[in-house]
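The values are calculated or read from the model by the stated rules, or taken from the named source; none is laboratory data. Just so we're clear, the structure is a prediction, and the values are computed from it rather than from any experiment. Reconstructed Cβ throughout: ideal geometry from the backbone, glycine too, with neighbour counts over all protein chains shown.
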């Protein structure tokens, strides 16, 4: 009996060994539908911005998304969250730094809160015209400028040019700096913006963009300043009568990416994101430029009155202290280099 049990046990061991050999030597069965899907699923990333859908920032974001998704053959997918769903500009940049969002489209001036030297972009009357702006953006100098934000964990992929900023008011048109005296004007939360309009004699109030329309409507402020296209897109004509073409600042939107994420990619993918960002910025910048005349005509048809200032040099002379203050804390490298592109 014992010998029989030993024989049976030996047979079982041999069967197990042979079964194991058969398992390792035969090809694995084909994966059923859905198995191994994680290898082909796109890498999904988030892009947040503050603007309403189908306005400049949103269109910039969607063009970037289109280029990335097409050129990566579906490897990357970008989900866009407009209208401040993921926070306003500073919150978005803080989220970008820690990797809670992968991309942002922000008002470029807000970079100054993290990189003071970047405030050169906001200096009043620095850019002469669209041609000067385009020359800057196409130069190697712009790449040096974008690199300033790398030190705080945000890679600036591109600037989209938005246009010159002008003054709107529901009190009176502005022809001379004297017309700005005591005018309650909303400005972006930028030290240079605040200092500029103080130097021009206005009563400045820094305010988040999301609060502006209501503040104008309720009379908390008398005036605001922005591009003609933005004035049209956000229906500022409903709460303002006059547009004075002061052209005091040039506005940019910045496309940014988490630096750690970009640095961890292959050289090929890094080039993909950088190129897509630049191409989207150029394409949508041209849309902004082309849309200015149309936006002005639309606003005029809705009852807004446009005027040129009497002498731009009067305004420029008053803002020299803004330059002096900037140069107290920053070198003049980018300032002089931008001027050299005139």
Subject >> Output for region 228-257, where each listed residue is under 21 Å from the mean Cα position of the chain (by Cα) and either more than 26 Å from residue 134 (Cα to Cα) or not in a strand (DSSP E or B) (or both) >> reply: 228, 229, 230, 231, 232, 233, 234
**OP:** Sort out for me the strands (runs of 3 or more DSSP E) sitting completely within region 117-220 that have 3 or more residues that are touching a strand residue (DSSP E or B) at 6+ places or on another chain (Cβ under 9 Å) and surrounded by fewer than 20 Cβ atoms within 10 Å (Cβ to Cβ).
**Re:** 203-206
Original post:
Is it true that residue 223 is surrounded by 23 or more Cβ atoms within 10 Å (Cβ to Cβ), touching a strand residue (DSSP E or B) at 6+ places or on another chain (Cβ under 6 Å) and either touching a residue at least 40 places away in the same chain (Cβ under 8 Å) or closer than 28 Å to residue 117 by Cβ (or both)?
Top reply: yes
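What about residue 260, is it surrounded by fewer than 17 Cβ atoms within 10 Å (Cβ to Cβ), touching a residue at least 24 places away in the same chain (Cβ under 8 Å) and in a helix (DSSP H, G or I)?
Considered against the rule, which asks whether it is surrounded by fewer than 17 Cβ atoms within 10 Å (Cβ to Cβ), touching a residue at least 24 places away in the same chain (Cβ under 8 Å) and in a helix (DSSP H, G or I), residue 260 comes out as yes.
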Original post:
In this structure, does residue 327 turn out to be farther than 17 Å from residue 231 by Cα, at pLDDT 95 or above and under 25 Å from the mean Cα position of the chain (by Cα)?
Top reply: no
